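Notes for the one structure printed next.
The values are calculated or read from the model by the stated rules, or taken from the named source; none is laboratory data. What you see is a predicted model; the values in this text were computed from it and never measured. As a convention, Cβ positions derive from the backbone with ideal geometry for all residues, glycine included, and neighbour counts pool all protein chains shown.
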Amino acid sequence: APGGESGRRQGRQGDFLVGVVTWQVALKTGQRRAPDPTTQAPPAKPLQPQKIPLAALAALAATEIISRPASPSCQGMVQRMDDLKFDEHGLMPAIVQDRLSGEVRMCAYVNREAIAKTLETGRATFFSRSRSKLWEKGESSGHTIQVRELFVDCDADTLLMVADPVGPSCHTGQPSCFFRRLDKSGVRDEAVPALTVLARLEGDIAARKESTSAKSYTKSLLDAGVGRIGDKVREEADEFARALSDESDDRVVNEAADVVYHLLVGLAARGKALRDVIDVLARRSGTSGHAEKASRFP
């Protein structure tokens with residue numbers, strides 16, 4: 001264990017980190033104030049956000065303040081989760097959402113230790129009710145879930161992990177655990193993933209690409225090749241631009257839909273996915289548009 005001034009400094013940093021986590025899960029922001037990590041005196045302004053960003057935690061990992069499984073800060077996080085509402089077994093459900101697509105990937109249970117471990121490592125960790133132990137997603141399959149942010153709901157009894165999944169999240173091999181549709185006749189066992197509209201459209205385009213059945217408009221574009229698809233993108237983009245200038249709002253959104261559809265066809269023709277585009281947008285977030293564009297060229 002580090003001693004002297006270095007040890008005291010690391011201890012203060014660890015206390016500060018625990019404070020950050022505690023402040024940002026607080027829901028009663030009008031009543032609870034963030035403690036000063038050095039004096040314990042409350043500051044003048046109440047806390048506002050409810051999310052727990054992992055970037056600050058990762059930045060401190062190199063100091064080993066939060067890198068040890070049984071570190072004091074991890075134990076402190078466990079002890080200071082009084083604002084969260086666990087059930088009589090000390091558990092709460094945790095939903096995993098794909099950061100880029102918005103798709104719900106899975107749901108499992110967490111206890112205080114699992115949340116602390118997730119914060120500590122940046123990897124989704126849960127509590128197994130059948131085995132009565134912590135488990136890290138992907139520890140055997142390699143299909144990990146890299147958690148970017150944690151949120152709690154308005155009642156503080158459900159956790160949301162906004163994450164980057166690596167591989168499928170379901171033990172069946174499906175990307176999402178939610179692929180069994182429920183209707184008035186009961187549960188259907190067919191694999192129908194609960195996708196967003198754009199993801200479903202992208203899936204339909206991919207199916208047309210592989211189809212050998214009767215021709216469709218999408219299939220005809222894909223068969224014609226990227227040159228023809230590029231012509232259509234330019235045509236639809238021009239129609240959108242003209243609608244934007246002097247046509248109705250209804251016309252604007254319809255022309256925009258045509259542009260999006262043809263962009264997805266073009267991406268499919270090149271073997272790329274909408275996710276790749278969203279990932280680029282995510283990486284650009286927070287960067288000046290002028291600076292980002294200038295960085296593309298020497």
Q: Report whether or not residue 83 is closer than 20 Å to residue 167 by Cα, among the acidic types (Asp, Glu) and buried (at least 16 other Cβ atoms within 10 Å of the Cβ).
A: no
Q.
It is to be established whether one or more residues within segment 201-215 are at pLDDT 95 or above and more than 30 Å from residue 163 (Cα to Cα).
A. no
Q. Are any of the residues in segment 190-197 surrounded by 16 or more Cβ atoms within 10 Å (Cβ to Cβ) and within 19 Å of the chain's Cα centre (by Cα)?
A. yes
Q: Evaluate segment 90-99: report whether one residue or more is within 30 Å of residue 192 (Cα to Cα), at pLDDT 95 or above and part of a loop (DSSP other than H, G, I, E, B).
A: yes
Q) touching a helix residue (DSSP H, G or I) at 6+ places or on another chain (Cβ under 8 Å) and surrounded by 14 or more Cβ atoms within 10 Å (Cβ to Cβ) - does that describe any residue in segment 181-188? A) no
Q: Note down all Cβ pairs under 6 Å where the first residue falls in segment 138-159 and is free of Cβ contacts under 8 Å to residues at least 24 places away in the same chain, the second is of a type outside the set (D, E, K, R), and they're at least six residues apart or on different chains.
A: 144/138; 144/166
**Q.** Evaluation of residue 167 against (1) part of a loop (DSSP other than H, G, I, E, B); (2) buried (at least 16 other Cβ atoms within 10 Å of the Cβ) (one fails), failing number
**A.** (2)
Q: Search segment 209-241 for residues being in a helix (DSSP H, G or I) and of a type in the set (S, T, N, Q), and hand back the single one that is surrounded by the most Cβ atoms within 10 Å (Cβ to Cβ).
A: 218
Q | Within segment 136-147, tally of residues that are at pLDDT below 95 and either part of a strand (DSSP E or B) or on the phi > 0 side of the Ramachandran plot (or both) | A | 2
**Q.** Within segment 96-137, considering residues that are touching a residue at least 24 places away in the same chain (Cβ under 8 Å) and among the β-branched types (Val, Ile, Thr), the one surrounded by the fewest Cβ atoms within 10 Å (Cβ to Cβ)
**A.** 104
